[in-house]
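Chemist: The structure follows.
The values are calculated or read from the model by the stated rules, or taken from the named source; none is laboratory data. Keep in mind the model is a prediction, meaning the values are calculated, not measured. Cβ placement follows ideal geometry from the backbone for every residue including glycine, while neighbour counts extend to all protein chains displayed.
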Amino acid sequence: MNDRISKDEKIRCAYSSGREKGFEALYEAYYADIYFFLLNMSADPELALDLAHDTFVKAYGQEDVENFKIKAWLFKVASNAFFEYKRSYYRRIRYCLNNLYRLIDPPCDAEAGFFESVAAADEKTRLRAALKKLDEKDRAVITLRFYSGLSYGEIAGALEIEHGTVMSRLHRAKEKLKEVMKDEK
Amino acid sequence: MKNEDDELTFGATGAENSGAGGGAKSSAGGDGSGQGVESEENILDGLAAVLEEQAAADSLVRMEYIKKNEYLRIVERRKRRAYSFNLFLCAFLVLFIIFMAFNISRLAGERASRPDRPGSYRQSSGAAEDFYESELPAPRGGYADPLYLLAFFAAEGAALFVIFAALAFVFRFAYSKLGGARRKTGALF
């Protein structure tokens with residue numbers, strides 16, 4: 001918690017020097033968190049990359065971060081990007097076209113190395129496969145709570161739901177995830 | 001009463017988020033009464049082990065290249081978007097004006113070269129009822145209503161706009177993909 005507070009304070013200080021510096025500090029601090037949150041939600045490294053890109057494009061447009069909790073806000077933008085992807089036909093077409101392009105222009109060694117590394121990390125545990133069996137809304141709550149470390153209030157803000165709904169989804173998701181993990185053993 | 005801002009413990013200190021990967025955050029804070037924490041910890045034991053394992057595996061992922069590449073894409077995209085639409089609009093207006101000037105000069109030329117006809121504007125000077133029978137040639141050489149011509153030119157302008165938008169999309173797509181290939185090779189060194 002104290003680490004997070006000091007991280008947010010550093011970002012606010014950076015924003016006082018200008019938007020470019022502020023965004024750089026925000027990006028360095030939270031890119032990995034956002035990427036892995038989206039990876040847990042989508043179980044697709046390339047889609048997670050696309051959605052993380054969209055999240056930080058929106059964050060880049062933010063002029064002032066003085067009056068809100070940065071991490072919760074960022075996760076709100078990321079979860080909205082994921083749910084919007086699921087709803088939007090246009091976004092899915094765009095994602096398919098981007099993947100088609102990869103057949104013509106395959107990723108370079110460094111990029112391919114990144115995706116291999118992500119796949120290897122996934123193989124060491126069955127967590128993401130198990131998470132995928134949950135309902136998306138339950139998956140978001142459990143990922144934000146236990147993987148990304150947000151508080152109940154922050155999760156309610158990020159997903160724009162009531163505090164009570166967070167608790168009930170969390171309880172449901174925990175029970176379901178326990179069953180899924182047991183079945184897979 | 002539960003303290004919303006506290007986080008659950010997973011027994012061990014838990015994996016830290018680093019620049020190279022993500023992971024579960026944990027702190028030494030409790031979540032409420034001792035009994036509540038204990039029962040919740042029992043439920044979470046299995047999940048905690050899996051989450052820590054995943055976080056540890058994720059921390060080994062090499063993110064430096066992706067972070068650098070994505071940062072450049074984000075910053076460049078925001079800068080490009082700001083003026084690309086204005087450039088596009090200016091280019092379209094210039095083309096449209098040139099096109100309209102060409103059409104008007106063509107019409108003026110046709111009008112100047114046409115001989116006088118009975119009932120035309122030149123012969124019945126000042127006759128209001130002849131106004132709409134004046135020498136405004138239609139595209140195929142006949143007489144036409146000025147409103148029709150206005151609609152015709154507007155349709156031509158709209159068609160030009162659509163073609164131009166399509167071409168801009170194709171060029172932007174090609175440029176971004178070629179730009180991506182350039183950055184890939186550049187970022188390796």
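Chemist: Yes or no: A:Val77 in a helix (DSSP H, G or I), within 10 Å of chain B (Cβ to nearest Cβ) and among the β-branched types (Val, Ile, Thr)?
Modeler: No, not satisfied.
Chemist: A:Arg102 versus (1) more than 29 Å from A:Leu159 (Cα to Cα); (2) part of a loop (DSSP other than H, G, I, E, B): which is the lone unmet condition?
Modeler: (2)
Chemist: Counting residues that are farther than 18 Å from B:Ala49 by Cβ and facing chain B (nearest Cβ under 10 Å), which helices (runs of 4 or more DSSP H) fully inside region A:119-162 reach at least 3?
Modeler: In region A:119-162, the matching helices (runs of 4 or more DSSP H) lie at A:152-159.
Residue by residue, here is whether (1) surrounded by 12 or more Cβ atoms within 10 Å (Cβ to Cβ); (2) modelled with pLDDT under 75; (3) within 14 Å of another protein chain (Cβ to nearest Cβ) holds:
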position	(1), (2), (3)
B:Glu52	yes, no, yes
B:Ala57	yes, no, yes
B:Glu64	yes, no, yes
B:Asn69	yes, no, yes
B:Lys79	no, yes, yes
B:Ala82	no, yes, yes
B:Leu95	yes, no, no
B:Phe102	no, no, no
B:Ser105	no, no, no
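Chemist: Same structure, new question: Sort through A:Ser79, A:Ser88, A:Ser117 and tell me the only one that's loosely packed, with under 13 Cβ neighbours inside 10 Å and either touching a residue at least 12 places away in the same chain (Cβ under 8 Å) or under 25 Å from A:Glu46 (Cα atoms) (or both).
Modeler: A:Ser88
Chemist: If you don't mind, another one. A:Tyr95 - would you say it is loosely packed, with under 13 Cβ neighbours inside 10 Å, without any contact (Cβ under 8 Å) to a residue 60 or more places away in the chain, among the hydroxyl-bearing types (Ser, Thr, Tyr) and part of a helix (DSSP H, G or I)?
Modeler: When the stated conditions are applied, A:Tyr95 does not pass them.
Chemist: Something else now. Restricting attention to region A:44-65, which residues are facing chain B (nearest Cβ under 9 Å), within 22 Å of A:Lys132 (Cβ to Cβ) and either hydrophobic (A, V, I, L, M, F, W, C) or in contact with a strand residue (DSSP E or B) (Cβ under 8 Å, 6 or more places away or on another chain) (or both)?
Modeler: Taking region A:44-65 and keeping what is facing chain B (nearest Cβ under 9 Å), we get A:49, A:52-53, A:56-57, A:59-61.
Next, only the ones that are within 22 Å of A:Lys132 (Cβ to Cβ) stay: A:49, A:52-53.
Once the filter is applied, which keeps residues that are facing chain B (nearest Cβ under 9 Å), within 22 Å of A:Lys132 (Cβ to Cβ) and either hydrophobic (A, V, I, L, M, F, W, C) or in contact with a strand residue (DSSP E or B) (Cβ under 8 Å, 6 or more places away or on another chain) (or both), region A:44-65 yields A:Leu49, A:Ala52.
Chemist: Quick one: A:Glu160 ticks every box in (1) out of contact with any Ser or Thr (no Cβ under 6 Å at 6 or more places or on another chain); (2) under 25 Å from A:Trp73 (Cα atoms); (3) surrounded by 15 or more Cβ atoms within 10 Å (Cβ to Cβ) bar one, so which box is it?
Modeler: (3)
Chemist: Residue check: is A:Gly113 over 19 Å from A:Leu51 (Cα atoms) and more than 9 Å from chain B (Cβ to nearest Cβ)? Don't jump to the end; show me each part of the working.
Modeler: Working: over 19 Å from A:Leu51 (Cα atoms): yes; more than 9 Å from chain B (Cβ to nearest Cβ): no.
It is false that A:Gly113 is over 19 Å from A:Leu51 (Cα atoms) and more than 9 Å from chain B (Cβ to nearest Cβ).
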